[in-house]
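Beneath this line is the structure, given in structure tokens, with notes to follow.
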Amino acid sequence: MTVYTDPILAAPALTDQINQAKRILILTHINPDGDAIGSLLSVWHVLKTMGKEVIPLASSPLPGYTTWLPGAEQIQVYRAGMSLPEVDLVVMVDTATLGRVGRIYDEHVHELTTLPIVIVDHHVTNEGAGTVNLIDPAAASTCELLCELFQAMGITIDADLATCLLMGITTDTQSFQTSATTATSMRVAADLLDLGADQLRVVREVYFALPASSAELIGQALAEMRRDGPIAWARVTLAMMRDTGAEDEAVDEVVRMLQRVSGVRALVVFKERQDGTTKISLRSVQPINVALLATYWGGGGHAQAAGATLNMSPEQAEHEVLPRLQELVW
Ligand code: 5GP
Ligand code: MN
């Protein structure tokens, strides 16, 4: 196992792993976001150009704002009981742990752990379990890191590839607003615009195509927002999801709205799940580190954006999480 943080140093080893493979499976995390799908698709584009047979497999359906991306129609969505395609290499992007690929992992642990795995990621909680790992927690998105990697590998970035990469950079930085955003994020994005990335389409799909059901869900969740000084929290129940018909991606919008409330330094959204568990989404401002807190419940993520799943109802999860968050913030 080798863990690189610098794409220039990682490029030869990664190229070598890819050259040894014929059929390659690309995976990303469950409930994929723009960075997950942008990364999955950009790796797909590159490996195809390198003459490989490539299978991009998502653990759950794509968020609506990514389905128009070049190549998105090639992505297969895993369903319970599906067999793992026969491959000789796995590339896992934007995913902190193997377990985060969800059912694919649960149902194929053995096959997955015997295959060589290349990991490219930017989660601080990624322990680098792959055969070759490129993990840079300083990168604001996996797409930013991939862009630097492709440049180091001498790959020609065409307009389609540039668009996929820009999607991940745009969503993970929330258009260059997160504390993880750096001058490099902006330089990489500028390079992508020069290469023909369809920035207007990315912006339109991400920010100006909110499903009406999401707007209704945001309304219901925010109506019951709670506040204790610098901490805000909200609940998204199964009833709200049913009522509004909103998709999972709508929950991200609730999170973003809470982040915008003046004086909020840390927040948590409790999402009730069908299986009786509760997913928490944590956000904070510097220097409050919620990644560390999330690991307490077996989750992880970034210093200012993390999550976990708790095996209890939202009510119980509130009792469990809020005191610890208060302790961290106060
Ligand atoms: P979100 O709250 O948007 O689901 O996640 C915020 C960040 O934390 C993302 O980078 C996501 O990958 C990470 N994250 C969310 N849930 C989990 C989890 O259960 N385990 C780990 N390791 N990371 C998570
Ligand atoms: Mn990401």
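Couple of notes before you dig in:
- The stretch between Ala13 and Thr237 holds 76.1 nm of extra length on full extension. This uses 0.36 nm per residue minus the Cα-Cα distance.
- DSSP-defined beta bridges in the chain - what % are antiparallel, rounded to 5: 40
- Length gained when the stretch Ala80-His110 is fully extended (0.36 nm per residue, less Cα-Cα span): 9.2 nm
- Summed residue charge, Cβ within 13 Å of Thr182's Cβ, Lys/Arg positive, Asp/Glu negative: -3
- Dipole orientation for the chain: of the candidates Gly130, Ala13, Ala306, Ala306 has the Cα lying most toward the positive pole (charges on Cβ; Lys, Arg +1; Asp, Glu -1).
- Lysines with Cα under 16 Å of Lys271, excluding same-chain neighbours fewer than 8 positions away: Lys279
- Taking the average, over residues, of other Cβ atoms within 10 Å as the packing measure, peptides 123-131, 20-28 rank 20-28, 123-131 from highest down.
- Fraction of antiparallel bridges per DSSP, region 212-329 only, in percent to nearest 5: 75
- Take 165-172, 96-103, 222-229, 321-328 and order them by the average number of nearby Cβ atoms within 10 Å per residue, most first; the result is 165-172, 96-103, 321-328, 222-229.
- Spatial separation of Cα centroids for region 201-254 and region 15-61, in angstrom: 30
- Extension gain, Val261-Lys48: 0.36 nm per intervening residue step, less the Cα-Cα distance, totals 72.3 nm.
- Extending 7 Å from the Cα toward the beta-carbon at both Phe208 and Gln286 defines two label points whose distance is 3.2 nm.
- Using just its DSSP H runs of length 4 or more, each adding -39500 (n - 2.57), the chain gives a mean residue ellipticity at 222 nm of -12500 deg cm²/dmol after division by all residues.
- The fewest-to-most ranking of Phe150, Phe176, Phe208 by surrounding Cβ atoms within 10 Å reads Phe208, Phe176, Phe150.
- Taking other C-beta atoms within 10 Å as the exposure proxy, Tyr65, Tyr296 rank Tyr296, Tyr65 from fewest upward.
- Cα-based reach from Lys22 at 20 Å (exclusive), listing aspartates and glutamates while leaving out same-chain residues under 8 positions away: Glu53, Glu86, Asp88, Glu111
- Here the dipole of the chain is about 440 debye; that uses its Cα centre as origin and unit charges on the Cβ of Lys and Arg (positive) and Asp and Glu (negative).
- Tilt relative to the chain, helix 142-152 - C-alpha long axis, 0 to 90 degrees, to 10: 20
- For region 5-92, the list of GluC sites (Glu not before Pro) that fall in a loop by DSSP and count at most 16 other C-beta atoms within 10 angstrom reads Glu86.
Each reported figure results from applying straightforward, stated rules to the coordinates on display, with no laboratory input. Bear in mind the structure is a predicted one, so any value in this text is a computation, not a measurement. Neighbour counts are summed over all protein chains in view; Cβ atoms, including those assigned to glycine, are modelled from backbone coordinates with ideal geometry.
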